[in-house]
Amino acid sequence: MRITGNTILITGGGSGIGQALASALHAKGNQVIITGRRREALEATVAAHPGMAYELLDVTDAEAVRAFAERIVVAWPALNVLVNNAGIMAAETLTADPVDLAIAEATVATNILGPIRLTAALLPHLRAQPKASIVIVTSGLAYVPLVATPTYSASKAFIRSYTQSLRRQLRGTTVEVLELAPPAVATDLMPGHAENPNSMPLADYIAEVMSVLEAGNTSDIFVQRTRFFCEAAREGRYDQVFEAINSH
């Protein structure tokens with residue numbers, strides 16, 4: 001992915017990693033359009049970055065995604081980068097009686113169906129571009145799950161597998177597929193993350209991500225902390241890492 005001169009759509013761009021990544025890419029000379037469900041957050045982000053644009057979008061609404069895709073390619077015909085970042089994370093108790101499935105269903109709708117639907121809707125347009133990129137945000141927990149967030153971890157493993165298949169099917173086309181796998185980052189994705197001393201500072205994470213992007217020649221946008229997870233199985237550390245992150 002080239003680092004400048006793109007027209008980039010970032011879902012979930014009103015807060016957290018999406019917002020910080022939008023800011024960093026905007027500063028590099030890209031036209032950035034952010035989406036989300038909260039107008040106030042989007043407006044505040046755009047107000048702080050003259051030239052950035054926003055569109056309201058609920059990625060869990062299949063019809064809204066379809067209509068949005070039709071509208072966005074008309075409004076921004078040079079769109080050539082899609083960053084599927086929108087996601088939710090929540091703790092679940094699978095031993096509850098009865099089990100409340102609301103969290104699991106919302107997580108699947110947001111973290112799995114959202115990026116699949118939006119990617120499918122925009123892929124014909126992206127394939128028509130001279131050079132395009134699809135970035136899908138997974139997680140270090142796609143590689144080793146956090147048992148307190150079972151559906152979140154599973155959703156990220158699912159979307160990582162989807163990313164690999166999409167990349168292979170698009171091999172030989174003008175569209176590259178990148179995986180962005182964050183570790184725990186100090187955002188409000190889940191209560192306590194922002195204050196957790198083990199969470200990577202957001203500014204440090206984005207700075208390292210931008211360094212990886214600028215270096216190029218990789219389809220895996222992994223910072224050093226992510227490698228603790230993503231290389232665990234290959235290096236024979238899976239059980240050790242699983243116990244380390246689930247010992248509390």
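The values are calculated or read from the model by the stated rules, or taken from the named source; none is laboratory data. As the structure is a computational prediction, the values presented were derived from the model and not from experiment. When we count neighbours, we look across all protein chains shown, and the Cβ atoms used for this are built from the backbone with ideal geometry, even at glycine.
Of all residues in the stretch 44-58 being in contact (Cβ under 8 Å) with a residue 24 or more places away in the chain and either outside any loop (DSSP other than H, G, I, E, B) or not small (Gly, Ala, Ser) (or both), which is surrounded by the most Cβ atoms within 10 Å (Cβ to Cβ)?
Ranking the candidates gives Leu57 first.
Please indicate, with yes or no, whether at least one residue in the stretch 75-85 is assigned to a helix (DSSP H, G or I) and at pLDDT 95 or above.
Yes, the stretch 75-85 contains at least one residue that is assigned to a helix (DSSP H, G or I) and at pLDDT 95 or above.
Look through the stretch 161-186, keep the residues that are part of a helix (DSSP H, G or I) and without any contact (Cβ under 8 Å) to a residue 24 or more places away in the chain, and return whichever of them is nearest to Ser139 (Cα to Cα).
Checking each candidate, the answer is Ser161.
Could you please let me know if Leu180 is surrounded by 13 or more Cβ atoms within 10 Å (Cβ to Cβ), under 13 Å from the mean Cα position of the chain (by Cα), at pLDDT below 95 and of a type outside the set (Lys, Arg)?
no
Looking only at the stretch 11-30, count how many residues are part of a loop (DSSP other than H, G, I, E, B) and either touching a residue at least 40 places away in the same chain (Cβ under 8 Å) or at negative phi (or both).
Residues of the stretch 11-30 part of a loop (DSSP other than H, G, I, E, B): 11-15, 28-30.
Now drop any that are not either touching a residue at least 40 places away in the same chain (Cβ under 8 Å) or at negative phi (or both), which leaves 11-15, 28, 30.
Residues flagged as part of a loop (DSSP other than H, G, I, E, B) and either touching a residue at least 40 places away in the same chain (Cβ under 8 Å) or at negative phi (or both) within the stretch 11-30 amount to 7.
Looking only at residues that are in contact (Cβ under 8 Å) with a residue 24 or more places away in the chain and over 20 Å from Thr163 (Cβ atoms) in the stretch 80-103, which one is nearest to the chain's Cα centre (by Cα)?
So the first thing to find is which residues in the stretch 80-103 are in contact (Cβ under 8 Å) with a residue 24 or more places away in the chain, and the list is 80-92, 94, 103.
Next cut, over 20 Å from Thr163 (Cβ atoms) only: 90-92, 94, 103.
Working: Ala90: 16, Ala91: 19, Glu92: 21, Leu94: 26, Ile103: 19 Å.
Ranking the qualifying residues of the stretch 80-103, first place goes to Ala90.
Of all residues in the stretch 194-207, how many are without any contact (Cβ under 8 Å) to a residue 24 or more places away in the chain and either surrounded by 17 or more Cβ atoms within 10 Å (Cβ to Cβ) or polar (S, T, N, Q) (or both)?
Here the count works out to 3.
Only residues that are surrounded by fewer than 19 Cβ atoms within 10 Å (Cβ to Cβ) and in a helix (DSSP H, G or I): list them for the stretch 143-159, please.
Pro150, Ala154, Ala157, Phe158
Could you list, in sequence order, all residues of the stretch 86-106 that are charged (D, E, K, R) and assigned to a loop (DSSP other than H, G, I, E, B)?
Glu92, Asp97, Asp100
Let's see how each residue does on (1) closer than 20 Å to Gly87 by Cα; (2) modelled with pLDDT under 95; (3) among the hydrophobic types (A, V, I, L, M, F, W, C):
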| site | (1), (2), (3) |
| --- | --- |
| Thr119 | yes, no, no |
| Ile136 | yes, no, yes |
| Phe158 | yes, no, yes |
| Phe222 | yes, yes, yes |
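Give me the pairs, please: first residue somewhere in the stretch 59-79 and among the small types (Gly, Ala, Ser) and surrounded by 19 or more Cβ atoms within 10 Å (Cβ to Cβ), second residue anywhere and assigned to a helix (DSSP H, G or I) and modelled with pLDDT of 95 or more, beta-carbon distance under 6 Å, and either six or more positions apart or on two chains.
That search, which allows pairs on different chains as well, returns Ala69/Ala121; Ala69/Leu122.
Can you say whether Arg117 is within 18 Å of Val175 (Cα to Cα) and of a type in the set (D, E, K, R), as far as the supplied structure shows?
yes
For the stretch 132-142, which positions are in contact (Cβ under 8 Å) with a residue 60 or more places away in the chain, under 29 Å from Asp239 (Cβ atoms) and either part of a strand (DSSP E or B) or over 15 Å from the mean Cα position of the chain (by Cα) (or both)?
If the condition is that a residue be in contact (Cβ under 8 Å) with a residue 60 or more places away in the chain, under 29 Å from Asp239 (Cβ atoms) and either part of a strand (DSSP E or B) or over 15 Å from the mean Cα position of the chain (by Cα) (or both), then Val137 is the only one that fits.
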